[in-house]
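Below: one structure, written as structure tokens.
The values are calculated or read from the model by the stated rules, or taken from the named source; none is laboratory data. On a predicted model such as this, the values are computed, not experimentally measured, just so you know. Using ideal geometry, Cβ is built from the backbone for each residue, glycine included, and neighbour counts are taken over all protein chains shown. The protein model used for the area step is the full one, side chains on, heavy atoms only, and it has no ligands, DNA or RNA in it. Shrake-Rupley method; radii C 1.70, N 1.55, O 1.52, S 1.80 Å.
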Amino acid sequence: MTRLVHTADVHLRVDAPERLDALEAVLSVAEARDADVLTIGGDLFDRPEDVDEFRSELRNQFFSDRAFEIVCIPGNHDVEAFRGDLFFGDSCTVIADEDHYGTWISPDGEFRIVAIPYRESVTDELVLALEDRPSFGGTDVLLFHGSLDAPIDAEAGDEGVYRYFPVTEALLADLGFDYYLAGHYHGPHHLQFETGAEFAYPGTPASTRTSETGRRRVVRLEAAVGLAFEPIETYHHLAKRVTVTPGTEDAVLAELAEWVETTVTPTAEPSIVVDGVVEVGESDFADRLHDVADPGWIRNETIDASHVTAHPVMRDFEDRLAETDWDDETKASVRTRTLRVASRALAGRRRE
């Protein structure tokens, strides 16, 4: 049974060594899963000028003497990098210079990868070439780098609103592939078309910016089981925001402690924002925060409850509450709930 591992958007740069570490981690996953092929769906390099910095290392260490084949296509960031020498190692096939597409077929004839060298737009000639591709009795996979028009929360990197090689679900479905493996969007996404075909973006194997949060992933594909995402232990950003209100300090600290314990790994770069209002004293709460998490991770935006109770509106409320004939327990409960609502409202305004 042919096994495939898919990644994309490594964005290798000499000043970001964690991305080369992530590529090594992806290769280790492919080896551990007895993969027959690893596909890289574009943007292996962040800039064309990075190629010469990495070519020797890729040839001699990363992309040679592997038990699996590596099939790589260019993306919008590195298309110029593949205009010349395409040899990156004896285990690597770069599909970059075909007129329309290139193919890789597994030794057992079970899988065919149809790979489209990067281009900015979809042409009629390309669509016709794909529609007229030779028939294949096994699992047919399309590999490309581009923007899928679909209801997903896209993280496309630095390109802004420009859509590179834009495609629609309807267009892809009409082509009749079993699976579609793509690069370009930096967040992992898995879609199933109405035809039953599956589509996946793996996302970046290492975070390239702070908005790329959470453990990174690769895609695994076996014809018998379909697509699946596998987490990898590589550099990634984590973001956590909590709002504290008077009386919830202990609960918030417990929530943060659990998050640190269960989510933060040695390859993570966490960021914690704590806002709201505390009743235990600002310095005391800050000390307790630092017992829970590394101070370098924390941005503490909390304020003391006295800032809320001193507000004229809150003072007026206190006066009116004192005039009621409620018992002390009811007054305390109403005061606490009101203080919490006011605290959340204040935290929301400070956040805007």
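So that you can scan it fast, the table gives a plain yes or no per residue for (1) closer than 30 Å to Leu142 by Cα; (2) in contact with a strand residue (DSSP E or B) (Cβ under 6 Å, 6 or more places away or on another chain):
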site	(1), (2)
Arg217	yes, yes
Pro231	yes, yes
Tyr235	yes, no
Gly247	no, no
Leu253	no, no
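Restricting to segment 105-137, name every residue that is over 27 Å from the mean Cα position of the chain (by Cα), within 21 Å of Ile40 (Cα to Cα), part of a loop (DSSP other than H, G, I, E, B) and not charged (D, E, K, R).
Listed by number, the residues that qualify are Ser106, Pro107, Gly109.
So if I check each of Ser56, Ser64, which one is of a type in the set (Ser, Thr, Tyr), over 22 Å from Leu221 (Cα atoms) and either in a helix (DSSP H, G or I) or within 22 Å of the chain's Cα centre (by Cα) (or both)?
Exactly one of Ser56, Ser64 is of a type in the set (Ser, Thr, Tyr), over 22 Å from Leu221 (Cα atoms) and either in a helix (DSSP H, G or I) or within 22 Å of the chain's Cα centre (by Cα) (or both), namely Ser56.
Checking Ala156 against (1) more than 30 Å from Ala224 (Cα to Cα); (2) small (Gly, Ala, Ser); (3) modelled with pLDDT of 95 or more, which single condition isn't satisfied?
In the conditions (1) more than 30 Å from Ala224 (Cα to Cα); (2) small (Gly, Ala, Ser); (3) modelled with pLDDT of 95 or more, Ala156 misses (3) alone.
Which residue is modelled with the lowest pLDDT, if the candidates are limited to segment 74-90 and must be surrounded by fewer than 17 Cβ atoms within 10 Å (Cβ to Cβ) and of a type outside the set (Lys, Arg)?
For segment 74-90, the residue satisfying everything is Gly84.
Which residue out of Glu69, Glu24 is open to solvent by 10 Å² or more (accessible area, probe 1.4 Å), in contact with a Ser or Thr (Cβ under 7 Å, 6 or more places away or on another chain) and modelled with pLDDT of 95 or more?
From the options Glu69, Glu24, the qualifying one is Glu69.
When you go through (1) in a strand (DSSP E or B); (2) surrounded by 21 or more Cβ atoms within 10 Å (Cβ to Cβ); (3) of a type in the set (A, V, I, L, M, F, W, C); (4) modelled with pLDDT of 95 or more one by one for Ala228, which number turns out not to apply?
(2)
What helices (runs of 4 or more DSSP H), lying completely within segment 246-352, carry at least 1 residues that are modelled with pLDDT of 90 or more?
Ranges flagged: 249-263, 282-292.
Residue by residue, here is whether (1) more than 30 Å from Thr338 (Cβ to Cβ); (2) surrounded by fewer than 15 Cβ atoms within 10 Å (Cβ to Cβ); (3) not hydrophobic (A, V, I, L, M, F, W, C) holds:
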position: Thr245; (1), (2), (3): no, no, yes
position: Phe285; (1), (2), (3): no, no, no
position: Arg299; (1), (2), (3): no, yes, yes
position: Ser306; (1), (2), (3): no, yes, yes
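I want to confirm something. Restricting to segment 91-104 and keeping residues that are assigned to a loop (DSSP other than H, G, I, E, B) and aliphatic (A, V, I, L, M), which single residue is most open to solvent (accessible area, probe 1.4 Å)?
Among those that are assigned to a loop (DSSP other than H, G, I, E, B) and aliphatic (A, V, I, L, M), it is Ala96.
Filter segment 12-43 down to the residues that are farther than 13 Å from Pro202 by Cβ and not charged (D, E, K, R) and list them by number.
Once the filter is applied, which keeps residues that are farther than 13 Å from Pro202 by Cβ and not charged (D, E, K, R), segment 12-43 yields Leu12, Val14, Ala16, Pro17, Leu20, Leu27, Ser28, Ala32, Ala35, Val37.
Only one of Asp52, Asp36, Asp108 is open to solvent by 60 Å² or more (accessible area, probe 1.4 Å) and in contact with a Ser or Thr (Cβ under 7 Å, 6 or more places away or on another chain). Can you tell me which? I'd like the intermediate steps shown before the answer.
On the way: Asp52 fails: in contact with a Ser or Thr (Cβ under 7 Å, 6 or more places away or on another chain); Asp36 fails: open to solvent by 60 Å² or more (accessible area, probe 1.4 Å).
One residue alone meets the criteria, Asp108.
Kindly provide the set of residues from segment 193-217 that are within 22 Å of Val260 (Cβ to Cβ) and either crowded, with 19+ Cβ neighbours inside 10 Å or under 9 Å from the mean Cα position of the chain (by Cα) (or both), ordered by number.
Ala206, Ser207, Ser211, Glu212, Thr213, Gly214, Arg215, Arg216, Arg217
Would you check which residues across segment 14-50 are in contact with a helix residue (DSSP H, G or I) (Cβ under 6 Å, 6 or more places away or on another chain) and in a loop (DSSP other than H, G, I, E, B) and list them?
Val14
Taking the stated definitions as given, is Asp124 loosely packed, with under 15 Cβ neighbours inside 10 Å and touching a residue at least 24 places away in the same chain (Cβ under 8 Å)? Walk me through it before giving the result.
Values: loosely packed, with under 15 Cβ neighbours inside 10 Å: yes; touching a residue at least 24 places away in the same chain (Cβ under 8 Å): no.
For Asp124, the condition - loosely packed, with under 15 Cβ neighbours inside 10 Å and touching a residue at least 24 places away in the same chain (Cβ under 8 Å) - is not met.
Can you find a residue that is out of contact with any Cys (no Cβ under 9 Å at 6 or more places or on another chain), more than 30 Å from Val274 (Cα to Cα), open to solvent by 10 Å² or more (accessible area, probe 1.4 Å) and assigned to a strand (DSSP E or B) anywhere in segment 218-225?
yes
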